[in-house]
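Worksheet: the structure to be examined is printed underneath.
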Amino acid sequence: MGREAEAKGEWVLILDFGSQYTRLIAKAVRELEVYCEVAPPTLSAREVRERGPRALVLSGGPRSVYEPDAPRLDPQLYELGLPLLGICYGMQLIAQQLGGRVERSPRQAEYGVADIEIVRADPLFAGLSRKERVWMSHGDVIAEVPPGFVPLAYSAGEPRRLAAMRDATGQIYGVQFHPEVHHTPHGLQMLRNWLRGICGLRGRWRPQDLVGQKVQELRDRLRGKRALIAVSGGVDSSVAAVLTHRAIGDRLVPVFVDTGLLRKGEPERVRRVFERLGLPLRVVDARREFFERLKGVTDPERKRKAIGETFIRVFEREARRLERERGPLDALVQGTIYSDVIESGGAGTAHGAERIKSHHNVGGLPERLGFELVEPLRDLFKDEVRRLGRALGLPAEIVDEPPFPGPGLAVRVVGEVTPERVRLLQEADAIFREEVARAGLQRAIWQYFAVLLPVRSVAVRGDGRGYGYVVALRAVHSRDGMTADWVKLPYELLERASSRITNELPEVTRVVYDVTSKPPGTIEWE
Ligand code: XMP
């Protein structure tokens, strides 16, 4: 048996009751080097047995187990002898289906950080203290554990509520809190205790095994088909392209649309990287078309819309041209990752039916083209995509690149976007980037860039008077882009960047540094 098959031999099945955290459970299990899959809870015990997982996790969910149409498990599943861990709704369901009692919390719902007190030594809490901090998010409580179950932990405050339980043999566990979220500091340790200590899984799966699995999935899905992908140079589309190329070779055509809105030297860099990877890009020079469409547009939302529409038009035209040249295409591959996928909420819709936030550049494309949409990274988080990229041999300049907005520099030229303004911004931005690199900080800052403002400012130029643009520099630390702190860059760096920008670009007469965090400011200016 190959290592991959052997490793998958001890995989975990996560039954998803629609929790917003289900994918975090999957991510945590993968981080603990155990392969896992997510499936709807409607699977029958027979179907689960045929799939052959070594353990089951029941996720949380938005429903109440006592609602008449609340999702339930095939009761036979409890008889399979598989180790089972119920989280939140999952735990309540176990309690209810095995003869305990669940009721609406007599007081307010428990939501947020809470402390629990472990009342019975158990392998689930091995290595942890008697009191642990956890993340709670529930309105229902277990009033009575099922026959044969023992309480393991209670919430520390009043009223005392059950926080963890197990059955007599240790086959079935339930926790009311969410070990999968990082607000439960020792949550990963609890999951490790369960996977290793209780389920006896060895953790032989490695993130690089994901390459083989994804390639195989793509090979099956795209058998005999030809596909197209729009590559932007960002990590997601690059990883999706390289992965798909591994699976179907030259039946994948990667297209790179040069919008004229990328950073200085970026189109050449992307082209070079892909050439080195043996994946030559089909480059479409659409700069003129984009600038034409952006003429007179100053409103940020209208700008985004104009860019999205132009992108679709250009890409569709290219797809048709390709079909005329080389025959029909069947599929559109997109690098959508999990954070692009919005959970639409409700247990019934959580299984593969999530709505997708339209990708700024390619929203609406699959419908327009009539192609099958393939999204190989849909279940992965950004750091997993980066890891996958590394395993695929993508260079650090792609894999570790800070985020870059889909509409490109258009949202960093405040006001009307013209070729001249974009050129100025590209130069100013390149100088800032060089200076950040010179200070050795390029990996230490989450995102940094220059912004060109439409205001003019007076300057002294030699003996004369200057009147030119203002460039704002921005650098932020962030975890996920949702919140951000402005970075206290060294004054020397700011000084050098400012002096170079105003000297090398006579059209720019002033440089300012943005000292706004998010909230209240967004990271981009538009
Ligand atoms: P904001 O400006 O909303 O940005 O604080 C948060 C993060 O998202 C990036 N960003 C975008 N990415 N298309 C994208 O693909 C967009 O339209 C867009 N707007 C902002 C931004 O660079 C930051 O990392």
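Taking a point 7 Å from the Cα of Arg456 along the Cα-to-Cβ direction, the residues of the stretch 280-321 with backbone N closer than 20 Å to it are 296-298.
The Cβ shell under 13 Å around Arg510 holds other residues with a net charge of +1, Lys and Arg each +1, Asp and Glu each -1.
Note the full-extension length gain between Val512 and Ser129 as 0.36 nm times their separation in residues minus their Cα-Cα distance, in nm to one decimal.
On the way: separation 383, 0.36 × 383 = 137.88 nm, distance 4.99 nm.
Stretched out fully, the Val512 to Ser129 stretch lengthens by 132.9 nm.
Residues whose amide H falls under 5 Å from that of Phe256, counting only those 5 or more places apart or on a different chain, are Val231, Arg282, Val283, Val284, with hydrogens built in the peptide plane. Spin-label model, Glu420 to Glu117: label points 7 Å out along the Cα-to-beta-carbon direction sit 7.4 nm apart.
Label reach from Arg202 (point 7 Å along Cα→C-beta): in the stretch 53-83, amide nitrogens under 16 Å belong to 54. Averaged over its residues, the chain has an accessible area of 44 Å² per residue, based on protein heavy atoms and a 1.4 Å probe.
For the pair the stretch 256-289 / the stretch 121-139, the C-alpha centres are spaced 51 Å from each other.
Quick check on the stretch 412-513: what does the Kirkwood estimate of hydrodynamic radius come out to from the alpha carbon pairs, in Å? Before the final figure, lay out each step's value.
On the way: mean 1/r = 0.0708 Å⁻¹.
So the Kirkwood estimate lands at 14.1 Å.
What full-extension length gain, to one decimal in nm, is calculated for Asp330 and Arg288 as 0.36 nm per residue of separation minus the Cα-Cα distance? Taking Asp330 through Arg288 to full extension adds about 12.2 nm, to one decimal. Count Lys and Arg as plus one, Asp and Glu as minus one, and take only other residues whose Cβ is under 10 Å from that of Gly233; the net charge is then 0. For the listed peptides 107-120, 453-466, a ranking on the average number of other beta carbons within 10 Å per residue, highest first, reads 107-120, 453-466. What is the distance, in nm, between label points placed 7 Å from the Cα along the Cα-to-Cβ direction at Thr298 and at Arg443? It is 4.4 nm. Karplus-derived 3J(HN,Hα) values for the stretch 108-124, using 6.51 cos²θ - 1.76 cosθ + 1.60 with θ = phi - 60°, are 5, 5, 9, 9, x, 6, 8, 9, 10, 10, 7, 9, 8, 4, 8, x, 4 Hz; glycine and proline are entered as x. In this structure, the amide hydrogen of Val508, modeled 1.01 Å from its nitrogen in the peptide plane, lies closer than 5 angstrom to those of Tyr469, counting only residues at least 5 positions away or on a different chain. Less than 5 angstrom separates the built amide H of Glu372 from those of Ala331, Leu332, all sequence-distant by 5 or more or on a different chain. Take the Cα of Gln213, step 7 Å toward its Cβ, do the same at Ser105, and the gap between the two points is 3.4 nm.
The alpha-carbon positions of the chain define a convex hull whose volume is 176 Å³ per residue. Computed from phi, the 3J(HN,Hα) profile of the stretch 177-194 under the Karplus parametrisation 6.51, -1.76, 1.60 (θ = phi - 60°) reads 8, 10, x, 7, 9, 6, 6, 9, x, 9, x, 5, 5, 5, 5, 5, 4, 5 Hz, with x in place of Gly and Pro.
Report the gain in length on full extension from Ala430 to Thr483: 0.36 nm times residue separation, minus Cα-Cα distance, nm rounded to one decimal.
Taking 0.36 nm per residue and subtracting the Cα distance, the gain is 16.5 nm.
Pick out, in residue order, every one of the trypsin sites (Lys or Arg not before Pro) in the stretch 245-302 that is DSSP loop and has at most 10 other C-beta atoms within 10 Å; say none if there are none. Present the calculation step by step, with values, prior to reporting the outcome.
Numbers: sites: Arg246, Arg251, Arg263, Lys264, Arg269, Arg271, Arg272, Arg276, Arg282, Arg287, Arg288, Arg293, Lys295, Arg302; in loops: Arg263, Lys264, Lys295.
Taking the stretch 245-302 and a limit of 10 other Cβ atoms within 10 Å, the loop trypsin sites (Lys or Arg not before Pro) found are Lys295.
Note down the Stokes-Einstein diffusion coefficient of the stretch 59-103 in µm²/s, whole number, using a Kirkwood radius over alpha carbon pairs, 37 °C, and 0.692 mPa s. Mind dumping the intermediate values first?
On the way: Rh = 10.8 Å.
It comes out at roughly 303 µm²/s.
Within the accessible surface of the stretch 412-513, defined with a 1.4 Å probe on protein heavy atoms only, the carbon and sulfur portion equals 51 percent. Once you reduce the stretch 38-113 and the stretch 307-331 to the center of their Cα atoms, the two points are 46 Å from each other. The Cβ shell under 14 Å around Leu409 holds other residues with a net charge of +2, Lys and Arg each +1, Asp and Glu each -1. Working note: 222 nm ellipticity from helices only, DSSP H runs with n ≥ 4, each -39,500 (n - 2.57), summed and divided by the residues of the chain, gives -9500 deg cm²/dmol to the nearest 500. Against the compact-protein benchmark of 2.2 N^0.38 Å, the Cα-based radius of gyration of the stretch 207-399 scales to 1.02.
Leaving ligands, DNA and RNA out of it, report the carbon-plus-sulfur percent of the accessible area of the stretch 196-335 at a 1.4 Å probe. Working shown, then result.
Numbers: 2870 of 6240 Å².
Of the solvent-accessible surface of the stretch 196-335, carbon and sulfur hold 46 percent.
Mind checking which lysines have their Cα closer than 27 Å to the Cα of Lys305? Skip sequence neighbours fewer than 8 apart in that chain. Within the straight-line limit of under 27 Å, Lys305 reaches these lysines: Lys264, Lys295, Lys357, Lys382, Lys518.
Remark: the stretch 518-526, residue by residue, has Karplus-estimated 3J(HN,Hα) of 10, x, x, x, 7, 6, 7, 7, 10 Hz, where x stands for each Gly or Pro and the curve is 6.51 cos²θ - 1.76 cosθ + 1.60 at θ = phi - 60°.
The values are calculated or read from the model by the stated rules, or taken from the named source; none is laboratory data. No experiment lies behind these values; they were computed from the predicted model shown. Counting neighbours? That spans all protein chains shown, and the Cβs are built from the backbone with ideal geometry, glycine included. Only protein heavy atoms, including side chains, enter the accessible area calculation; ligands, DNA and RNA are left aside. Shrake-Rupley method; radii C 1.70, N 1.55, O 1.52, S 1.80 Å.
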